[in-house]
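The values are calculated or read from the model by the stated rules, or taken from the named source; none is laboratory data. Here the structure is a predicted model, which means the values were calculated and not measured. So basically every Cβ, Gly included, is an ideal-geometry build from the backbone, and we count neighbours across all protein chains shown.
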Amino acid sequence: MPRSNHPRRRRTQLAGGKNSGQPVEEGLELDRARLGVPQRESAPDGEWAVRTITARNAQKVYTCPGCHHLVQPGVAHLVVWQEDAMFGAEAGLRDRRHWHTNCWRGRSYRYR
């Protein structure tokens with residue numbers, strides 16, 4: 001039997017029975033749970049925080065600074081910001097960029 005291409009609807013059930021009043025989603029999405037903690041990477045050009053965005057969560061169009069092509073909605077990619085930015089951690093977070101995964105992994109450290 002062919003699979004349906006339609007997304008499943010989220011069902012909620014009440015925690016602890018019918019009368020508790022707290023809705024609980026069935027099956028915690030592992031992707032959403034992982035989004036909260038970025039990985040740290042050390043490179044010759046600084047300390048970086050790298051967060052993975054799944055294809056399901058990619059909803060906007062961004063320009064990848066590595067190849068200058070568009071990161072389309074529905075394409076898994078990385079959000080990267082510098083943790084040891086010159087003007088502090090908040091400035092690094094404001095300057096975050098969306099990279100294709102391969103562009104980030106193959107980036108060059110040459111300074112021009």
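Data table
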{"quantity": "Check on P65, touching a His at 6+ places or on another chain (Cβ under 9 Å), in a loop (DSSP other than H, G, I, E, B) and of a type outside the set (V, I, T)", "calculated": "yes"}
{"quantity": "Sole exception among (1) surrounded by 12 or more Cβ atoms within 10 Å (Cβ to Cβ); (2) at pLDDT below 90; (3) closer than 24 Å to S108 by Cβ for T52, by number", "calculated": "(2)"}
